[in-house]
Each structure stands twice: as structure tokens, then as C-alpha cells.
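Below is one structure, written out as C-alpha cells; comments come after it.
The values are calculated or read from the model by the stated rules, or taken from the named source; none is laboratory data. Everything numeric in this text was worked out from a predicted model, so none of it was measured. FYI the Cβ positions are ideal-geometry reconstructions off the backbone, even for glycines, and counts take in every protein chain you see.
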Amino acid sequence: MLAWVIDAAREATDAPPLIVYSPATAQVCEVFADEADFALQQEPRGTGDALRAGLAALPPEIAEIAVLSGDAPLIDPEAILATLERRRAVDAGMALAPIVLDDPTDYGRLVLDDGRVVRIVEEKDATSDERDIRLVNAGLYAFETDWLRRLLPRLTPSPVSGELYLTQLVEIAADDGRPAVAVELDEEDDNWALAGVNDRAELGEVEAILQSAIHDDWLRNGVTIRDPESTVIEAFVELAEDVTVEPHVILRGDTRIGRDTVIRAGSQIIDSDIGERCTVWASMVEQSVVGDDVRIGPFSHLRPGCEVGDGAEIGNFAEMKNVRFGARSKQHHFSYLGDAEIGHDVNVGAGTITANYDGRAKHRTVIGDRAFIGSDTILRAPITVGEDAVTGAGSVVTRDVPPGMLAVGVPARIRQKKPAVAADS
């Protein structure tokens, strides 16, 4: 959620935002280290105390600030700009953006007097009549910084919770002679844009809205999504024109997919690059790079660290991890390649396993160009199979196979390959 808020803040202000965090949420400093500045609220004592911590960390030359909630991922940069502009237009010390909700539970209610905002009462401090108010605080504010520095120390702890509420500044502003002003909403949709997330149900609603917007954007930019309702495409995914995404596909993280590629039903792709004209069918690809014209699946699993060359084929129940797999090589079914380097035009037979772990450490397998690995071969790493070499079906290969040689048996013995015999016509 915070990433969306940061993006909106940067777009509206053209500056990195300042995030106020507590010891319990210190992980955000690592996650967003390159995107924001940070201020520590040592003990969470309400929004007013959080604002105090943030204000103390700001340079003195900052003339005005916008304050946003980290749990409102639908926030629109235009709403931030409108709130800032509203404050400037009437020279108020404070402006805020309200919304109207059918169920205002958990929101601070706005109490008005002749159109002015004179008080915001929090849910746990509200009377029965005040809980019926549907105009609520959306958690988006604009402040004149000098005004805020002067009046913020006047906040007093809530008699109910003991917290300092930022919203008390509305009453302080009225007493100071410069009442807070509210931004008028132009569209009913703005209610959603400013709504926060208070539980898993609201999180699901917000995710659905964001997913719909992402799908709509890709559909308008030349991507085919067969069933948007069953498809998940995260915000950082990049899709080229004429990509096709079939139902029940999940595309996550830093993923890029090239032109004319088809991601068929049931696939998950995470933090991976997929080239052009590929097909991925009912398979998982994690933290891997796939070239052009590659066929993957169904039911394949590329674990982290794989690089697949152009024109390769990886088929039914084939698994690989930390493998460089050469161009036009084939691993069609029921096999495992781990910590391996496979040359180009290699055939990996069904049931092949690179035994890469000896109980203490992982070891690497190297298979040269044009090698033919027979079905049910076990390659005990570390081992090298040379170019144009062959392993017989069911072989257990425990030592290197020289280029052009044959390994056969348990354990495998090295032999000369028999030359091909041409039949007379």
C-alpha cells in the first residue's frame, strides 16, 4: 500500500516524501530506502505525535507540506494538488479533504458550523449522534509550515485514548482565527480515491480496483487479457504489444514479457524476463531470463537463477534451478537440472537428474554442445559431459565423459560411439 502512496506524493510534489515510522514498522526504511526520507516516531502516540516527529525532521525552509495516510493506496496526485491549492487560495493555515461514506465506522467525523470545519471527532471519542455523521476525514491535509510549527504544540492528549490527534488542529485553527477549509469533491469516485484500508475486506476491495485499472491500461495498449477477473498483473510488470495473457495467470514483481508471447492458462511468472514469441503454459518461472521463441510447459518449473537460450524447449514436469540452458536445447519431461550449464542443441532425456548435492555442498554439471543425454541418466556432480557425447539410458555417470564418447552402465563406463551406418537404397 505504501508504494502507491509514495508514487502519488512524488508525482504531486516532485520531491521524495518523508515517511514517519515506528520501531514496529522499521522495515519500510529498508524497502523504500531509495524512494523516501524517514522520521522515527519512537512511541506510537497518535497521528498528532507522528506529525510532530515528521515536522522535526523537515528542513526549516519548507514553506508548506501535504500530509497523507500510508493506508490509502488509491490516493490521486490530483487530490493532493487540489488540497494544497485550496489552502493557498484562501490563505488558510490548514486544508483537508473529506469524503462521504455510507458506513463511516473507524473514520473521524467532520463537525461543521456554517460551512466551516470546526472539529473532527474520532470514532472512539464520538457520541452516538456524532457517529451518525457520514462526512468523514480522509486523512489528506495541507499545512502552512510556520503555522503548523506554532500551533502543533497546543495538541493535548485524548481523555479516552491518551493519544495526540492531528485532527485536533481543526479546533485549534478555529480558535486561532484561521479556520480549516475543506476541499470540495468533484466526483463521487473521489470517495474511493481517498478511502483508507482498515481490514482485509477493504484491502480486497482496493486490490480489485487497482487490478481493474492495471488491466484496463494494458488492454488499451495492445495486450490481450482473456479473463481479467481471474488474472493478476502487479504494478511493476511490463508487457510488450501483442502479448496474450490467458485465464488464471499471475504476473508478479519485476517481470517483463516480450512481443507476441503467449502466457497460457495457469502460469505464474515472478521477477523474470520472457522474450518474444514464447509460450509459457501452466508453468512457474521465478527470477529467470528466457530468450526468444522458447516453449515452456505444461507443468514446468524454472526456479531462480535460470537462463534459457533462444528456441529452447522445456516440457512436462521438467524442473531446473540455477541453470544456463543453451539455444535449441530440449528438456521435455520428468527431469531435474540443478546448478548446471547446458550447451546448445542438447537433448535431455526423460528422467534425467543432475545429482548436484552431496550432503554438504552443491556441485555443478556441464554438458557440452550437441550432447545426447539418454533417459533416466543420473549425472553425479561435479561432472562434465563433452560436446557430441552420449549417455545410455539408465546410466549413472560418476566421471567426466570426453567429447564424442559414450557413457553407459551403472556405474557408467566410457566407450567409443559406434559410427552411423548408411543403408543402401
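Looking at the structure I just gave you, is Asp217 surrounded by fewer than 15 Cβ atoms within 10 Å (Cβ to Cβ) and either in the same structural domain as Thr105 (by TED's automatic domain parsing) or closer than 15 Å to Ser272 by Cα (or both)? In short, no.
Assess whether Ala39 counts as being out of contact with any Cys (no Cβ under 8 Å at 6 or more places or on another chain), closer than 29 Å to Gln211 by Cβ and among the hydrophobic types (A, V, I, L, M, F, W, C). Spelling it out, it is not the case that Ala39 is out of contact with any Cys (no Cβ under 8 Å at 6 or more places or on another chain), closer than 29 Å to Gln211 by Cβ and among the hydrophobic types (A, V, I, L, M, F, W, C). Going by what's in this entry, would Thr83 be described as in the same structural domain as Gln41 (by TED's automatic domain parsing), under 29 Å from Glu202 (Cβ atoms), exposed (fewer than 15 other Cβ atoms within 10 Å of the Cβ) and of a type in the set (S, T, N, Q)? Answer is no for this residue. Scanning region 41-60 for residues that are hydrophobic (A, V, I, L, M, F, W, C) and either surrounded by fewer than 17 Cβ atoms within 10 Å (Cβ to Cβ) or on the phi > 0 side of the Ramachandran plot (or both) returns Ala56, Ala57, Leu58.
Would you confirm whether or not region 43-59 contains a residue that is more than 26 Å from Glu163 (Cα to Cα) and of a type in the set (A, V, I, L, M)? No, because not a single residue in region 43-59 is more than 26 Å from Glu163 (Cα to Cα) and of a type in the set (A, V, I, L, M). On inspection, Ala63 does not qualify as surrounded by fewer than 19 Cβ atoms within 10 Å (Cβ to Cβ), without any contact (Cβ under 8 Å) to a residue 40 or more places away in the chain and small (Gly, Ala, Ser).
Of all the listed residues (Lys321, Lys330), the sole one being surrounded by fewer than 24 Cβ atoms within 10 Å (Cβ to Cβ), in contact with a Pro (Cβ under 9 Å, 6 or more places away or on another chain) and not aliphatic (A, V, I, L, M) is Lys321. Reported count of residues in region 350-367, each being over 23 Å from Gly275 (Cβ atoms) and buried (at least 21 other Cβ atoms within 10 Å of the Cβ), is 4. Among the residues of region 237-262, those that are under 18 Å from Gly297 (Cα atoms), under 19 Å from the mean Cα position of the chain (by Cα) and hydrophobic (A, V, I, L, M, F, W, C) comprise Val245, Val249, Ile250, Leu251, Ile257.
Here Phe299 meets each of (1) under 19 Å from the mean Cα position of the chain (by Cα); (2) in a loop (DSSP other than H, G, I, E, B) with one exception, condition (1).
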